[in-house]
Amino acid sequence: MGQLRQRSRIWVSLEIVTLTARLASFLSRHALLACLVVQASLLLPAPGLLPVWGDEDFTLLTASQPVAGVLKTAAQEKNNPPLHSLLVHYWLLLPWPAPKAAASRALSALTALAATVVIDRLFLKGLDVRARLWFLALWAVSPCLLLCARIGRSYSLQVLVFACALGAAARLLEEPGNKRRSLLYGAWNALLLYVHYLSGTALAAGVTCLLAWRAFRLRRSKELAAGGLSLGLVVLLYLPWLPHFREALGRMAGAQPPPAAAGAAWSGIIRLGYLGFSFVLGETPPSWVMACAPVALSGAAYLAWRGARPAPRWLAPAALAAVAAYWAAGRWVSFVFIPARVLFLLPFALMLVASGGVRSPRAGRLICTLILCLSGGSITSYFRRVDFLNKAYVLSYDEIAGTIRRNSGETRAVLVADTWNTDPYPLANRLGRNFPMIPVGRSDTRDSVRAAVERSGAQVVWYFRNTHDTSAGGLNRQLERELSDGRAVARHLFVPYQARDRRLMRLLGWREIPSHFIQLLEIRPEAGGGAGSAWSAPRPDGSRGLHLQVVGHGEDVRNARRRHAGDLLVHLAGHHAFQRHVAVVYDDADWSHGPHVVAEQRGGPVDRPQLGPSDLVVEGRQRQNLDLVLHRLHPGDALDHGLRRVL
């Protein structure tokens, strides 16, 4: 009886081992297909789920032009080489039954699927079967890949081409004397530079440094010859775009992204931590995922360290490229955009985690399973459009443009837009070329923006900015106060922050804790006049007219003068009723910012006797209050009605 039981146990054990082996064999044969099915089900449905964001909007506008226009725009923009925009251009020529944004995002998703196949063929063949399965599982449900691959930008294409170029570089480093491998790597690196400057430059720097170090350490010349041959081919193939590449490097050197937090050390910790968090858990984590993040991130770091021993053949060039790319991206963009800029490194980071999971099986199973579960939480939040750490991905420029058009009506309006911490150009594109925009950038001051607003002749000023002001000296806050003072202001808020977002703001040391991501101020003259003013407007022929001091009664007027130092002016000369001359006469002993008597016509100063029947004379005298006397103004005229209402 005992022997029978023992034989039964042995038989069951053998059956379990056999079934496990068959399952492992089945998974090994079909793991890639399963990964592609899962990825396609996540990347392809509902391409219009998120609004088109800033950089994506630029890609669509560029790709919609003829080929010559695509090249010209890429050259002028200086941030991106032209290859991806050209691919999107030809892709959009196909008869897609969907909007351009959806078609562009479909191309990005399909490119990510192609990258999965390439990575499996080039880098996973030599891995342990279990490591390959863990990698494909982590890669298939990566929330970081989900976010970036569903955006119509070059991120997926960079992953694909970088994988090919890194594979060629690893083969070259194994056999530096092989000229064919040198030329193949040079061709892939040149192609990568046409996709994006950052990834191409980072890999070229890493491989060149490795070859030079080996040549110095081993005291032989074939590494130098391989580096010279590959770099020479890169320069030769990139020669048509080389001048624009130099301009891009200069622009990157002069870039000044806002610090992540107060203090260089703390900023560095925040940048690196955000990158690691995004790579492992994505940028849409619900609160329970964030609570588990310390365990998942520390576990992933441990597995990656274990997976780097012994080092795979691609690790050295990838590591040097990662250092160069991280440093350059940190100088180029804000820390919340670094993960997308270095997405091409993500599969190799996950590869180290998967390999470490095999070398430490028990810890590997626990940590990788935890990461998969947490990734599911982030994916759920993504498709619910909640819990985004970077609110720029859910900002709807269409909604903001609709608010501006609806509330502006036929009134002359201008858009003042922050460019320090916001991308206003997609909004300007939606408003159209006839809607003027005044960008507030690094070379602007309060006086220059104020003067531009006055020159615009707008009656309504729209001020579009990030609620987190990163401008030098708080320029945006100062402009907001100055433009709003003495005027009616309506505040429109977009993309609310959650309670956990406000806790993170305090952790980052923000001075202000806003309730929303974007604010849009609608600034108009005060209803009922008083000491408010309308903005200056040009005459119908384009010349500048005089302004009339805004009037009110008694103390209000004197207070208004002190606040605005003569800027409270109502412009009359732009009205269609004035066909030839305009004269404005001041007789005001309290007026200290201009002459007591001013008269102007289009050709210069005039005397009152020269005024004709289509002219207007306005006299203002300071007594107990100011009175206006209007002459030769047709009863019922719109301007007449407006002025009398103000008075």
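Figure legend. Inter-residue proximity from the range 307-332: first residues within 21 Å of ASP128 (Cβ to Cβ) and part of a helix (DSSP H, G or I), second residues of a type in the set (Gly, Ala, Ser) and open to solvent by less than 60 Å² (accessible area, probe 1.4 Å), beta-carbon distance below 6 Å, spacing 6+ or different chains. Indicated pairs: GLY307/SER355; GLY307/GLY356.
Name the one entry in ALA98, ALA63, ALA68 that is touching a residue at least 40 places away in the same chain (Cβ under 8 Å) and either surrounded by fewer than 23 Cβ atoms within 10 Å (Cβ to Cβ) or under 18 Å from ALA163 (Cα atoms) (or both). Result of the check over ALA98, ALA63, ALA68: ALA98.
Screening the range 215-306 for helices (runs of 4 or more DSSP H) wholly inside it with 3 or more residues that are over 30 Å from SER355 (Cβ atoms) and open to solvent by less than 40 Å² (accessible area, probe 1.4 Å) returns the ranges 222-238, 242-254. Across the range 402-439, the number of residues qualifying as out of contact with any helix residue (DSSP H, G or I) (no Cβ under 6 Å at 6 or more places or on another chain), among the hydrophobic types (A, V, I, L, M, F, W, C) and at pLDDT 90 or above comes to 7. Residues in the range 468-484 that are open to solvent by 50 Å² or more (accessible area, probe 1.4 Å) and either over 17 Å from ILE513 (Cα atoms) or of a type outside the set (D, E, K, R) (or both): ALA472, GLY473, GLN478, ARG481, GLU482. Within the range 485-503, the only residue that satisfies the criterion of being surrounded by 14 or more Cβ atoms within 10 Å (Cβ to Cβ), of a type in the set (A, V, I, L, M) and within 24 Å of PRO259 (Cα to Cα) is VAL495.
Scanning the range 468-510 for residues that are in a helix (DSSP H, G or I), more than 30 Å from ARG405 (Cα to Cα) and of a type in the set (A, V, I, L, M, F, W, C) gives ALA472, ALA499, LEU504, MET505, LEU507, LEU508. Could you tell me whether the range 409-429 includes any residue that is open to solvent by 20 Å² or more (accessible area, probe 1.4 Å), among the small types (Gly, Ala, Ser) and assigned to a loop (DSSP other than H, G, I, E, B)? The answer is yes; a qualifying residue exists. Within the set PRO82, PRO143, the sole residue that is open to solvent by less than 50 Å² (accessible area, probe 1.4 Å) and within 27 Å of HIS244 (Cα to Cα) turns out to be PRO82. Of all residues in the range 42-62, exactly one satisfies the criterion of being closer than 24 Å to THR116 by Cβ, under 13 Å from the mean Cα position of the chain (by Cα) and either modelled with pLDDT of 95 or more or not charged (D, E, K, R) (or both), namely THR59. Report whether or not THR411 is over 21 Å from the mean Cα position of the chain (by Cα) and polar (S, T, N, Q). So THR411 passes the test.
Name every residue in the range 327-355 that is within 18 Å of ALA248 (Cβ to Cβ) and either aromatic (Phe, Trp, Tyr) or at pLDDT 90 or above (or both), in order of residue number. TRP327, ALA328, ALA329, TRP332, PHE337, ILE338, ALA340, ARG341, VAL342, PHE344, listed by residue number. If you check VAL52, VAL88 for being open to solvent by 20 Å² or more (accessible area, probe 1.4 Å) and in contact (Cβ under 8 Å) with a residue 40 or more places away in the chain, only one passes: VAL52. Comparison of LEU389, LEU346 shows that the only residue that is over 21 Å from PRO45 (Cα atoms), under 21 Å from the mean Cα position of the chain (by Cα) and not in a helix (DSSP H, G or I) is LEU389. Exactly one residue among ALA109, ALA114 is small (Gly, Ala, Ser) and open to solvent by less than 20 Å² (accessible area, probe 1.4 Å), and that residue is ALA109. The residues of the range 259-292 that are closer than 16 Å to LEU138 by Cα and small (Gly, Ala, Ser), listed by number, are GLY276, SER278, GLY282.
In the set (1) more than 30 Å from ARG385 (Cβ to Cβ); (2) of a type in the set (Val, Ile, Thr); (3) touching a Phe, Trp or Tyr at 6+ places or on another chain (Cβ under 7 Å), the condition left unmet by VAL118 is number (3).
The values are calculated or read from the model by the stated rules, or taken from the named source; none is laboratory data. Every value quoted in this text rests on a predicted model; they were computed, and no experiment measured them. Neighbour counts are summed over all protein chains in view; Cβ atoms, including those assigned to glycine, are modelled from backbone coordinates with ideal geometry. Protein only, heavy atoms only, side chains kept; ligands, DNA and RNA dropped before computing areas. Shrake-Rupley method; radii C 1.70, N 1.55, O 1.52, S 1.80 Å.
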